[in-house]
Amino acid sequence: MGWILFGLFFLFLFIGIPISVSLGIAAIVSLCLFGFPLTMFPAVMYASLGKFTLLAIPFFVLAGVIMEYAGISKRLVRLANVFLGHITGGLAIVTVVVSCFFAAISGSGPATVAAIGTILIPAMVDSGYDKGFSSALMAASGNVGIIIPPSIAFVVFGVLAEVSIGRLFMAGIVPGFILGLALIIVSIILLRKNKGSLKRQPKSSWPDKWSALKDAFWGLMAPIIILGGIYGGFVTPTEAAGVAVVYGLFVGFFIYREIKLRELWKLLVDASVGSAVVMFIIAFASVFAWLLTTGHIASSMAEKLLSLTENKYILLLIMNVIFLIAGCFIDAASAYFIFVPIMLPVILEIGVDPIVFGVFMTMNLAIGMATPPIGLDIFVASSISKVPLKDISIKVIPFIIASLVALGLVTYIPALSLWLPDLMGMK
Amino acid sequence: MKLLDYFEELLIVLSLSTMIIINFGNVVSRYFIHASWSFSEELMVILFVYNSFFGASIAFKRGAHLGFTVLTDLLPPKFKKIFVFIAGATTIILMILLAKYGMEMVQSQIMFNQKTPALGLPEWTAGLSVPLGSILIIIRVIQSTFCEMKLVDYKIEASADNEEVQ
């Protein structure tokens, strides 16, 4: 039964049917074959969509779009640039640092690549960086986006695995920075070879630094309001996402004055479409996951996995390999719905914290976004820089290797994820 | 079709902006007048489901749904056209099933006169989003599949023209 369900799904996926529809059709054909009534499936779908926590998805997507239109991204770039631009390879560092920071507002990888890439890829190329290198670095930096809070991916995982989203968010911070650091180290090593051809910027003066800091202040406040609101106990993560939208609009309309009233319609439609793509996948993936659990497919697969070996480290390695491969073909939301019902019992059995599981699983899927053949981050980077996908795919390899090292650390050292939330006494 | 476009976008813009206003209003009212709006979550969730279905419909129009098209893109245009058709047809079958069983769900909600817990609204006002959204999506998928097949045709013609020139 499991083979039919998964076989059908991948068959439909590979002949070019959208992921959401592939999940739905595979589940429905299996339901019919195994004599389940079809009448329940709209109710399962509606129940999975109608969750208040998931409202964080349209809110964070909209907040990201608004922050970009409000001109926050370019001010962050300028700020990072006056402090880091004079170092060799400075722009590469700026790319990673700003990505980490923007990710702390938007919660999505491709949104980060789109917002920062349009500014930084041309800037790197002007300063003598290789065009392929710049695009690859940008695509890889987008990864950090779904690990550093707030993160849409963590919201979906938290809802599904029934763990605290606030704790997950906190757990993502240190692994996110480790991933960022790994990318910076690789870029500096790679850039050493053609040091001579890189233009360095003159060191900026203190008044320059001060004015950049003042200008970016309102943007810098955004993550403080979002995360401060959540951890101060003022709002839930979902409410914080909605508050971030209002804050972004306030800054965009009244302070930076870069959003025009007539753009608002387009912003709302675009954000709804972006969120609906994820929600549509969640709707059908939930029917798929329902069948996995109700048909006892998940439990028998978990048993099989546990019968292979009882060694915790080998099991974790197997999971990482499965997630990495899956991440190359499917998006994070569907991966959670397919794999969490199977893997979570195994994780609990071998005594790993579900929070750590959420963090390393998300890192795997993030890496998948920057790997061919369907890495969304690569597509966005390629459409910005006009570098062919093939070239970016090759140039991104060193960054992928660095990310894998970071992934290994996070998987096998649970303290990296748990230290910060434990320090804050979060349950 | 123009009217449909407008109706779709209007519903989306209204639902998302109302969600944001209610959410913000609820947070503000909790801290300043120490009163939560008990209806807020329920209303936002209903709007959210409508927003998701109608947004998914526009996403079909824009071809924004994620999929794995690397393999089918490698095929010669003639064969690619077949797979574009299969993808469209499969999506339509799925949505017809969803519309049919969604309608049954709505009928049973009306029959049992179910009400939402906080607002006391009839449950079917929320459930109706499923069949309504499905029908809209069917229209959009027919539209976009025809467009994409025409695009492939155009590519076939263009490559034929190129060969003649050479």
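No value in this document is a laboratory result; all are computed from the given coordinates. The shown structure was predicted, so the numbers you read here are calculated from the model rather than taken from an experiment. Cβ placement follows ideal geometry from the backbone for every residue including glycine, while neighbour counts extend to all protein chains displayed.
Using per-residue counts of other Cβ atoms within 10 Å, averaged over each peptide, order A:207-216, A:329-338, A:290-299, A:9-18 from highest down.
Final packing ranking: A:329-338, A:9-18, A:290-299, A:207-216.
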Gap in Å between the Cα centre of segment A:327-373 and the Cα centre of segment B:65-104?
27
Using DSSP loop states and a limit of at most 10 other Cβ atoms within 10 Å to flag GluC sites (Glu not before Pro), what is the longest stretch of chain A containing no flagged site?
A:1-161
Please say if segment A:45-156 is rounded, prolate or oblate, where rounded means a/c under 1.5 for a ≥ b ≥ c the square roots of the C-alpha gyration tensor eigenvalues, and otherwise the choice is prolate for a/b larger than b/c and oblate otherwise?
prolate
Considering the dipole of segment A:11-423 built from charges on the beta carbon (Lys and Arg +1, Asp and Glu -1) around the Cα centre, which of A:VAL29, A:LEU190, A:GLY252 is farthest to its positive end?
A:LEU190
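Would you please put B:18-27, A:166-175, B:132-141, B:150-159 in order of how densely packed they are, using the mean number of other Cβ atoms within 10 angstrom per residue and starting with the highest?
On the way: B:18-27: 19.0, A:166-175: 24.9, B:132-141: 21.5, B:150-159: 12.4.
My ranking of the peptides, most packed first, is A:166-175, B:132-141, B:18-27, B:150-159.
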Please list, in chain and number order, the residues 5+ apart from B:LYS115 or on another chain whose amide H is under 5 Å from its amide H, with Hs placed from the backbone.
B:GLU123
Which whole number gives the average, over all residues in A:263-275, of C-beta atoms from other chains lying within 10 Å of the residue C-beta?
6
Cα centre as origin, Lys/Arg/Asp/Glu Cβ charges: segment A:11-423 dipole, Debye
1360
Here the whole-number average of other chain Cβ atoms within 10 Å per Cβ of B:84-96 is 4
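Inside 10 Å of the C-beta atoms of B:3-10, what's the mean count of C-beta atoms belonging to other chains? Intermediate values should be presented prior to the final figure.
Working: counts 0, 0, 0, 0, 0, 1, 6, 2.
Across B:3-10, the average partner-chain Cβ count within 10 Å equals 1.
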Ordering of B:117-127, A:108-118, B:80-90 by packing [mean C-beta count within 10 Å, highest first]:
A:108-118, B:80-90, B:117-127
Using a/c under 1.5 as the rounded threshold, could you call segment A:11-423 rounded, prolate or oblate? The axes a ≥ b ≥ c are square roots of the C-alpha gyration tensor eigenvalues, and prolate needs a/b larger than b/c, oblate otherwise.
prolate
Among all helices in chain A defined by DSSP H, which have a length of 15 Å or more along the axis from Cα atoms plus a Kyte-Doolittle mean of at least 1.0?
A:2-14, A:19-33, A:56-69, A:90-106, A:109-126, A:165-192, A:237-250, A:263-294, A:312-329, A:332-349, A:354-369, A:397-412
With +1 assigned to the C-beta of every Lys and Arg and -1 to the C-beta of every Asp and Glu, and no other charges, what is the dipole magnitude of segment A:159-305 about the Cα centre in debye, to the nearest 20?
980
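Below 10 angstrom from the Cβ of B:LYS80, what's the summed charge of the other residues (Lys, Arg +1; Asp, Glu -1)? Each step should come with its number before you reach the end.
Values: positive: B:LYS78, B:LYS81, B:LYS155; negative: B:ASP73, B:GLU148.
Spelling it out: positives minus negatives among the neighbours equals +1.
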By the scheme Lys and Arg +1, Asp and Glu -1, what is the net charge of all other residues having a beta-carbon under 13 Å from that of A:PHE250?
0
Ignoring everything except DSSP H segments at least 4 long, calculate the 222 nm mean residue ellipticity for chain A; use -39,500 (n - 2.57) per segment, divide by total residues, nearest 500.
-25500 deg cm²/dmol
